[in-house]
Amino acid sequence: MDVSARRAFHLLKDLAFERLSASEDERRAAERLMAEARSTGAEAHIEEFQVPCGKVKSARLLVTAPYRKEYPVTGYERSLSTPGLDAPFYYAEDMQPVHLQNAAGKIALINGRLRRADYEKLQKAKVAAILTFSGTTLDRESETDCDIRKLRETLTEPFGGAVALNLRAADAAEIVRRGATQMHIEIDSESCEGTSRNVCATIPGTEFPEEIVSFGAHFDSVHFSTGVYDNMSGSVIIMELLRYFAAHRPARTLKFNWFGSEEQGLLGSKAWTAAHKDELEKHVLMVNVDVAAATLGQNRAPVLATEAAVGYIDAMMKEAGIPCQVKLDIYSSDCVPFADNGVPAVNFCRFGAPGANYIHDRRDSLRSGYIDEKSLDITLQQTLYFAKRVVNARAFPIERTVCQDIRDKVDSYLFRKKD
């Protein structure tokens, strides 16, 4: 059996719906992927794991001085609740020390996303509440959404809970421009636990069954997004690889994992590596596919291993005639927990070009027309060419080593502080 971009794109279309972490739709997608995997003749099952979740029943923001106006907002999932907080408003911009000196007890608006270092600064500054904004000042409300964000446990566990809301960039600009000084905010939020899922399949090796190569892709999406680019494209690509190797038995054992809750902080791959820790010493490589099929784009292959592995993969891509920038670097995807456990990894990605790349919003959908079957086939053929070579090699060609530079980047990514 050969791989088929047409078949893969058909499966992508069937799964082109919002698949939020721990949601019923994520469960439905997992069951469809499991059934598809089993149809190849491979053993496949679902592994459940618990994830921190949040529900926001209501959120409200009202400027009370020197003018009065209510603005639409979304509450951060896992935010603290408040029935009504009245406090001065302060635009803290990029949180320079002089900003933070003036932020105590105030409802602080910051630029951009709420990153861990920013959250720590704001908590130490003792702000009353945190405001962020999303989108651009040119967005039309009828065509965009106000992002729904989450206070992840990597923020709240070390630095405590907070009241946090998100608003549109245009509204944030109006609030600052009109000189708001006082605000009233409300949020009714609940923290809870939910069940997410990984879909797992195995093809035993015929000659070197004790050596394992893993293939991974996440299948969850974010609010408002069907995630056809990020990352149902990668999910259907590794499904085609499963079909191929189910029909053409590999020399080494292959594991295929479709990870849930990647968008919440790589929770699916973290759960899988934790549950299979005793097995990981047998893994010689992890191959991850995260984003593909962009019509206008470029091929990239971040490698979490060694410079020798980069040279090998780069030479192979040239041999195959596939233009691809291969680089020793970390990549924010499910490869990280494997590299953290000493398993070298390579990511095959096709990034959309500027102006033809929509991610983490409603435009990541088939209606946007920026992905296509032929472009999906680029990454499918690239990954297949690489996979056939390495999984059937007489001696495995990539050393089971993650260099110190990548280890340091992984530690930084996972917020580990050096002694």
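Can you find a residue in the stretch 303-315 that is of a type in the set (A, V, I, L, M, F, W, C), assigned to a loop (DSSP other than H, G, I, E, B) and more than 25 Å from ALA274 (Cβ to Cβ)?
Filtering the stretch 303-315 for residues of a type in the set (A, V, I, L, M, F, W, C) gives 303-305, 308-310, 313, 315.
In the following step, the residues that additionally are assigned to a loop (DSSP other than H, G, I, E, B) were identified as 305.
When the remaining residues are screened for being more than 25 Å from ALA274 (Cβ to Cβ), the result is none.
No: zero hits.
Restricting attention to the stretch 136-155, which residues are among the polar types (S, T, N, Q), in contact with a Ser or Thr (Cβ under 9 Å, 6 or more places away or on another chain) and touching a residue at least 60 places away in the same chain (Cβ under 8 Å)? Explain how you work it out, then say what you get.
Pass one, the stretch 136-155, residues among the polar types (S, T, N, Q): 136-137, 142, 144, 154.
Keeping just the survivors that are in contact with a Ser or Thr (Cβ under 9 Å, 6 or more places away or on another chain) gives 136, 144.
Hit for the stretch 136-155 is THR144, nothing else.
If you go through the stretch 252-288 one residue at a time, how many are in contact with a strand residue (DSSP E or B) (Cβ under 6 Å, 6 or more places away or on another chain), aliphatic (A, V, I, L, M) and either part of a helix (DSSP H, G or I) or closer than 15 Å to VAL199 by Cα (or both)?
Within the stretch 252-288, residues that are in contact with a strand residue (DSSP E or B) (Cβ under 6 Å, 6 or more places away or on another chain), aliphatic (A, V, I, L, M) and either part of a helix (DSSP H, G or I) or closer than 15 Å to VAL199 by Cα (or both) number 3.
So the check is Cβ under 6 Å with 6+ separation or different chains; which pairs have a first residue in the stretch 1-19 that's among the aliphatic types (A, V, I, L, M) and a second one that's outside any loop (DSSP other than H, G, I, E, B) and loosely packed, with under 15 Cβ neighbours inside 10 Å?
MET1/ALA247
ILE322 - would you say it is under 19 Å from the mean Cα position of the chain (by Cα) and surrounded by fewer than 22 Cβ atoms within 10 Å (Cβ to Cβ)?
Numbers: under 19 Å from the mean Cα position of the chain (by Cα): no; surrounded by fewer than 22 Cβ atoms within 10 Å (Cβ to Cβ): yes.
When the stated conditions are applied, ILE322 does not pass them.
Of the residues in the stretch 367-417, how many are without any contact (Cβ under 8 Å) to a residue 12 or more places away in the chain and in contact with an Asp or Glu (Cβ under 7 Å, 6 or more places away or on another chain)?
Number satisfying all stated conditions: 0.
Scan ASN288, ASN299, ASN257 and give me the residue that is more than 22 Å from VAL51 (Cβ to Cβ), in the same structural domain as ASN392 (by TED's automatic domain parsing) and at pLDDT 95 or above. Step through it out loud before you land on a result.
On the way: ASN288 fails: more than 22 Å from VAL51 (Cβ to Cβ); ASN257 fails: more than 22 Å from VAL51 (Cβ to Cβ).
Every option except ASN299 fails the conditions.
Among what's in the stretch 166-193 and is small (Gly, Ala, Ser) and part of a strand (DSSP E or B), pick the residue that is farthest from the chain's Cα centre (by Cα).
Pass one, the stretch 166-193, residues small (Gly, Ala, Ser): 169-170, 172-173, 179-180, 189, 191.
Next, from what is left, pick out any that are part of a strand (DSSP E or B): 189, 191.
Details: SER189: 24, SER191: 21 Å.
Selected residue: SER189.
Of the residues PHE219, PHE159, PHE133, which is in contact (Cβ under 8 Å) with a residue 12 or more places away in the chain and over 26 Å from LYS57 (Cβ atoms)? Step through it out loud before you land on a result.
Values: PHE159 fails: over 26 Å from LYS57 (Cβ atoms); PHE133 fails: over 26 Å from LYS57 (Cβ atoms).
Result of the check over PHE219, PHE159, PHE133: PHE219.
Limited to the stretch 148-184, what total is found for residues that are closer than 19 Å to GLU70 by Cβ and either charged (D, E, K, R) or modelled with pLDDT under 95 (or both)?
Filtering the stretch 148-184 down to residues closer than 19 Å to GLU70 by Cβ leaves 148, 163-184.
Next, from what is left, pick out any that are either charged (D, E, K, R) or modelled with pLDDT under 95 (or both): 168, 171, 174, 177-178.
The qualifying residues number 5.
Quick check: anything in the stretch 136-148 buried (at least 16 other Cβ atoms within 10 Å of the Cβ) and closer than 22 Å to ASP86 by Cα?
no
What residue, among those in the stretch 103-123 that are without any contact (Cβ under 8 Å) to a residue 40 or more places away in the chain and more than 26 Å from the chain's Cα centre (by Cα), is nearest to LYS150 (Cα to Cα)?
Going residue by residue through the stretch 103-123, those that are without any contact (Cβ under 8 Å) to a residue 40 or more places away in the chain are 103-106, 108, 110-113, 115, 117-118, 120-121, 123.
Filter once more, keeping what is more than 26 Å from the chain's Cα centre (by Cα): 103-106, 108.
Values: ALA103: 22, ALA104: 23, GLY105: 22, LYS106: 21, ALA108: 17 Å.
Once the filter is applied, the top-ranked residue is ALA108.
Restricting to the stretch 40-56, name every residue that is surrounded by 15 or more Cβ atoms within 10 Å (Cβ to Cβ) and among the small types (Gly, Ala, Ser).
Listed by number, the residues that qualify are ALA42, ALA44, GLY54.
Please report, ordered by residue number, the helices (runs of 4 or more DSSP H) entirely within the stretch 321-419 with at least 3 residues that are β-branched (Val, Ile, Thr). First the steps, then the outcome.
Details: elements: 335-340, 373-391, 404-413.
Answer list for the stretch 321-419: 373-391.
Which pairs have Cβ atoms under 6 Å, sit 6 or more apart or on different chains, and link a residue in the stretch 345-356 that is within 19 Å of GLU307 (Cβ to Cβ) to one that is of a type in the set (D, E, K, R) and modelled with pLDDT of 95 or more?
none
Within the stretch 57-68, restricting attention to residues that are surrounded by fewer than 20 Cβ atoms within 10 Å (Cβ to Cβ) and in contact (Cβ under 8 Å) with a residue 24 or more places away in the chain, which residue is farthest from ALA172 (Cα to Cα)? Steps first, please.
Going residue by residue through the stretch 57-68, those that are surrounded by fewer than 20 Cβ atoms within 10 Å (Cβ to Cβ) are 57-58, 60, 62, 64-68.
Filter once more, keeping what is in contact (Cβ under 8 Å) with a residue 24 or more places away in the chain: 57-58, 60, 62, 64-67.
Values: LYS57: 22, SER58: 19, ARG60: 14, LEU62: 12, THR64: 15, ALA65: 15, PRO66: 16, TYR67: 15 Å.
So, considering only residues that are surrounded by fewer than 20 Cβ atoms within 10 Å (Cβ to Cβ) and in contact (Cβ under 8 Å) with a residue 24 or more places away in the chain, the one farthest from ALA172 (Cα to Cα) is LYS57.
Suppose the filter is surrounded by fewer than 15 Cβ atoms within 10 Å (Cβ to Cβ) and among the hydroxyl-bearing types (Ser, Thr, Tyr); does SER375 pass it? Before you say what the answer is, go through the steps one by one.
Values: surrounded by fewer than 15 Cβ atoms within 10 Å (Cβ to Cβ): no; among the hydroxyl-bearing types (Ser, Thr, Tyr): yes.
Considered against the rule, which asks whether it is surrounded by fewer than 15 Cβ atoms within 10 Å (Cβ to Cβ) and among the hydroxyl-bearing types (Ser, Thr, Tyr), SER375 comes out as no.
The values are calculated or read from the model by the stated rules, or taken from the named source; none is laboratory data. Note that the structure is a prediction, hence the values are computed from the model and not measured. For neighbour counting, all protein chains shown are included, and Cβ atoms are generated from backbone atoms with ideal geometry for every residue, glycine included.
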